[in-house]
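Here is the structure we will look at.
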Amino acid sequence: MTLYLTTPIFYVNAPPHLGHAYTAVVADTVRRFARVDGRAVFLQTGTDEHGDKIVQAAAAAGVAPRDYVDEVSAKFRSAWSLLLVEPDNFVRTTDPAHITVVQGILQKIYEQGDIYFSDYEGLYCQGCERFLTEKELSNNKCPDHLTHPEKVAEQNYFFRMGRYQQWLLDHIKANPDFITPTRYRNEIISFLRDPLADLCISRPISRLDWGIPLPFDQNFVTYVWFDALINYISGIDYPSNRDFVQRWAGAEHLIAKDILKPHAIFWPIMLKAMGLTPYRRLHVHGYWNVDETKMSKSIGNVIRPEELVADFGVDSVRYFLLREMSFGLDASYSAEAMRTRHNFDLANDLGNLFSRSLTMVKNFANGQVPTPGSLRGEDQELVLASLAMLADYRDKMRAWAFRQALETVWELIGRANRYIVANAPWELAKDPTQAQRLATVLNTLLETLRCIAGAMGPIMPEASAKMAAALGFSLDEGLTAQRHWGRLAPGSKVNLGENLFPRIKAQK
Ligand code: MSP
């Protein structure tokens, strides 16, 4: 079954920051990993372009909403391409095709009696773009935006979510992997203990006109969340696509915990009301913080991914994001942590291992893959450690444990560096009777580097491609092929690679 992986569609009220970049890089890493793991995959991302927030941002910028969304949506696209995030589809909620799908769904649900019209008074959070219940507040404030929600009283259309509450709870309980990691599943199960309020799905055009008109009442536009969630099916051409059911069967969503409720509650219930099966899985990650506070455009403590890429290079940024955060938990950004990861893990550990190994092959073996002799215990240990790393790495990546997957790679890098010191090829090179031993050591090192490059590909596409080009092998045949020890043909040319990760000095 093809993995149909999605990111949230991002609000275009400001350009992307490192928090958004994390989601996009995780998604792209999973996409690249699925490919080398022999699984078909389709990645979708996009931009969420309706609602109050966008109107306000456009007004502040002094441009019409239409021009504003075009401009900021393009910034997301270009940031993703800079980060080597390569989606198969990019949805925009202002696309006419998306609008048609949303209106079709609203009409169907309205006709089947799941939508009603009523008076409403509630506490509305501008940041969340939804009504909050008293229980969700902390000190009368929205816990995410730290603002007081305003009292709003108006007539609106409502979606009968309560009807499907028990069904949802049963579904979550019967499918332990539906929401992961478990802490988020537990949060939703406990939230569902109380009766679910119906969802307000409209906004009067007198208050907001930047949205999708309700097909059954032109005085209202569609609530932005109801509109946005539908991107996950409009993007794969529901309902007209003949292959829709098949594609949808492989659906897995990736989000951060800020938007857990819309994804774990509203969305499965919307799907149920449409007569569709729920998605397969919801993967939830934590927040990137700066000094203990969530990185966010409303707080203003944002780091721009473009700037980090310019300073450190794309692979270093991707590595940092996946290595520093344990998937599911919060992590902190600091310039110091970024520089340390770059200089120590990448420039020292990996970069030096690679450049010193290749330099020795150039100086002591004519720049060719040497033919190994019989292996000693210490060589065999490195062979086994390399193969064990590939297996372990694959298991951790399948479990979305990116940090731990990288740790297994770095353990091997450390081992290979110690192997060089212990075997001192520069000493062997001085003694002609040790020629075969030297050839064995260098060959074992090159094969180890090949395994490392093969594993790194999904996370650091540029560096692993450079390593593969220097070593003379192809990354395209997938992970299983990398387990074949001796893939590098003896006698084939090894190129001196360029410096993979130049060191970065601290800025004064
Ligand atoms: N438009 C909605 C999503 C609709 S999906 C049908 C939205 N957009 S958003 O631009 O605010 O993006 C939210 C997502 O951006 C989070 O779920 C997460 O993926 C990412 N992040 C935004 N800030 C983040 C951090 N500080 N840390 C980690 N992820 C962050 O909500």
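Things worth noting here:
- Remark on the chain: C200, C451 stand apart, with no other cysteine beta carbon under 4.7 Å.
- Net charge in the neighbourhood of V69 (other residues with Cβ under 10 Å of its Cβ; Lys, Arg +1, Asp, Glu -1) is -3.
- Only Cα pairs under 8 Å and 6+ residues apart enter the sum, and on that basis the relative contact order of the range 334-482 stands at 27 percent.
- Solvent exposure of the range 3-285, expressed per residue, is 40 Å² of accessible area, with all protein chains present and a 1.4 angstrom probe.
- Legend: calculated FRET efficiency, E187 to S298, from the Cβ-Cβ distance at R0 = 30 Å, rounded to 0.05, equals 0.85.
- Counting lysine pairs in the range 3-285 whose alpha carbons fall under 19 angstrom apart, excluding pairs fewer than 8 residues apart on the same chain, gives 13.
- Using a probe radius of 1.4 angstrom, the carbon and sulfur fraction of the accessible surface of the chain is 49%.
- Listed peptides 26-34, 441-449 appear in the order 441-449, 26-34 once ranked by packing, highest mean of other Cβ atoms within 10 Å at the front.
- Computing Rg and the Kirkwood Rh from the Cα coordinates of the range 3-285 gives a ratio, Rg/Rh, of 0.94.
- Taking every Cα-Cα distance in the range 334-482 and sorting them into 10 Å bins from zero, the calculated P(r) comes out as 11, 41, 35, 12, 2, 0 percent.
- Residue-count net charge about F312 - beta-carbon cut-off 15 Å; Lys, Arg +1, Asp, Glu -1: -1
- Of the beta bridges in the chain, as assigned by DSSP with both residues counted there, near 50 percent are antiparallel.
- Dimensions (Å) - the chain, Cα atoms, principal axes, largest first: 92, 50, 39
- Cβ-based charge dipole, the range 287-368, positive-most Cα from M295, H342, N352: N352
- Highest to lowest packing among 87-97, 183-193, 134-144, scored as the average C-beta count within 10 Å: 87-97, 183-193, 134-144
- Square roots of five times the Cα gyration tensor eigenvalues for the range 205-359, Å: 41, 21, 14
- The mean sequence separation of alpha-carbon pairs under 8 Å and at least six residues apart, normalised by the residue count of the range 3-285, gives a relative contact order of 22 percent.
- Fully extended contour minus Cα-Cα distance, from A335 to D476, at 0.36 nm per residue: 47.3 nm
- Cα→Cβ-extended label distance, 7 Å offset, between T277 and R356, nm: 5.3
The values are calculated or read from the model by the stated rules, or taken from the named source; none is laboratory data. Being a predicted model, the structure only gives us computed values, none of them experimental. Glycine also receives a Cβ, built like all others from the backbone with ideal geometry; neighbour counts cover every protein chain displayed. Accessible surface areas use protein heavy atoms only, side chains included; no ligands, DNA or RNA. Shrake-Rupley method; radii C 1.70, N 1.55, O 1.52, S 1.80 Å.
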